[in-house]
Amino acid sequence: SQQGEEDPQALSIQEGENATMNCSYKTSINNLQWYRQNSGRGLVHLILIRSNEREKHSGRLRVTLDTSKKSSSLLITASRAADTASYFCATVLNSGNTPLVFGKGTRLSVIA
Amino acid sequence: GAGVSQSPRYKVAKRGQDVALRCDPISGHVSLFWYQQALGQGPEFLTYFQNEAQLDKSGLPSDRFFAERPEGSVSTLKIQRTQQEDSAVYLCASSPSQSGYTEAFFGQGTRLTVV
């Protein structure tokens, strides 16, 4: 079963524009993580935000977390063609010894 | 090696054949996870080890699936009597902490095709 749901399922933007992806989840979490997956490759960790944090930045990435709404967003600013990939959110529950549970992902296409 | 290594990268199996997929995690990583990813979908959790202990195997789809990590390092995912619905990419990940409390490092996956 999948805890997180990303929205939209697919997003197509022009190079230089910002891309925003959302993730909603169902139960109380310890942390939420975002991963990127290029076609045919493994997943690469982008950023981790803990349940007591509201916002984190990493380069052109900005992640927000709203635990009252059980949602998170990933913003990629000034997108590049190389950002074309699938993006997944993954949650870790508060009840110990639980694994990362992934959503279905957002497929981002950045057109040069 | 510096990263998580999975072998083989590609495996074609005839229906009914048994297969074994190997994962070499990053040295010293406590947690090891197996996921199944169908085309166009997100990774679906299969099982989780903390050192040699299998703490969660709730995601294994049937008793044909079996995973082990006997010395708390290398792990093997075995699928007996493969079926066509087992065709997917099998991803392994490791993490230095218990559970998913820090980032996980993924291998490139094994693409299994059952014909």
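The values are calculated or read from the model by the stated rules, or taken from the named source; none is laboratory data. These numbers come from a predicted model, not from an experiment. Neighbour counts run over all protein chains shown; Cβ positions are idealised from the backbone, glycine included.
Points worth noting:
- Looking at A:ARG54, A:ARG60, A:ARG80, A:ARG50, just one residue is in contact (Cβ under 8 Å) with a residue 12 or more places away in the chain, basic (Lys, Arg), over 26 Å from B:SER7 (Cα atoms) and at the interface with chain B (Cβ under 10 Å from one of its Cβ atoms), and that residue is A:ARG50.
- Among residues of region A:1-44, those that are of a type in the set (A, V, I, L, M, F, W, C) and farther than 13 Å from A:CYS89 by Cα, counted: 4
- For the condition part of a loop (DSSP other than H, G, I, E, B), facing another protein chain (nearest Cβ under 10 Å) and among the β-branched types (Val, Ile, Thr), A:THR98 qualifies.
Residue-wise test of (1) within 21 Å of A:GLU17 (Cβ to Cβ); (2) not polar (S, T, N, Q).
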{"residue": "A:ASN38", "(1), (2)": "yes, no"}
{"residue": "A:GLU53", "(1), (2)": "no, yes"}
{"residue": "A:THR64", "(1), (2)": "yes, no"}
{"residue": "A:THR84", "(1), (2)": "yes, no"}
{"residue": "A:ARG107", "(1), (2)": "yes, yes"}
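- Sole exception among (1) surrounded by 15 or more Cβ atoms within 10 Å (Cβ to Cβ); (2) farther than 21 Å from B:SER94 by Cβ; (3) β-branched (Val, Ile, Thr); (4) within 15 Å of the chain's Cα centre (by Cα) for A:THR77, by number: (1)
- Elements of the type strands (runs of 3 or more DSSP E) sitting completely within region A:48-87 and holding at least 3 residues that are modelled with pLDDT of 95 or more and hydroxyl-bearing (Ser, Thr, Tyr): these cover A:71-76.
- Restricting the search to strands (runs of 3 or more DSSP E) fully inside region B:44-115 and requiring at least 1 residues that are modelled with pLDDT of 95 or more, surrounded by 21 or more Cβ atoms within 10 Å (Cβ to Cβ) and away from chain A (no Cβ under 13 Å) gives B:75-79, B:110-114.
- Any hit, region A:27-43, residues being outside any strand (DSSP E or B), touching a residue at least 12 places away in the same chain (Cβ under 8 Å) and in contact with a Ser or Thr (Cβ under 6 Å, 6 or more places away or on another chain): no
- In the set (1) exposed (fewer than 14 other Cβ atoms within 10 Å of the Cβ); (2) within 14 Å of chain B (Cβ to nearest Cβ), the condition left unmet by A:ILE111 is number (2).
- Filter pass, B:GLN17 being on the phi < 0 side of the Ramachandran plot and more than 15 Å from the chain's Cα centre (by Cα): yes
- Within the option set B:GLN84, B:GLN50, B:GLN54, being in contact (Cβ under 8 Å) with a residue 24 or more places away in the chain and more than 17 Å from B:LEU39 (Cβ to Cβ) holds for one residue only, B:GLN50.
- Per-region count, region A:1-47, residues over 30 Å from B:LEU112 (Cβ atoms), of a type in the set (A, V, I, L, M) and out of contact with any Leu (no Cβ under 7 Å at 6 or more places or on another chain): 1
- Checklist (1) surrounded by 16 or more Cβ atoms within 10 Å (Cβ to Cβ); (2) out of contact with any Gly (no Cβ under 7 Å at 6 or more places or on another chain); (3) facing chain B (nearest Cβ under 8 Å); (4) closer than 17 Å to B:TYR35 by Cβ applied to A:GLY103, failing item: (2)
- Given (1) surrounded by 17 or more Cβ atoms within 10 Å (Cβ to Cβ); (2) of a type in the set (A, V, I, L, M); (3) in contact with a Ser or Thr (Cβ under 8 Å, 6 or more places away or on another chain); (4) touching a residue at least 60 places away in the same chain (Cβ under 8 Å), index of the condition B:VAL12 fails: (1)
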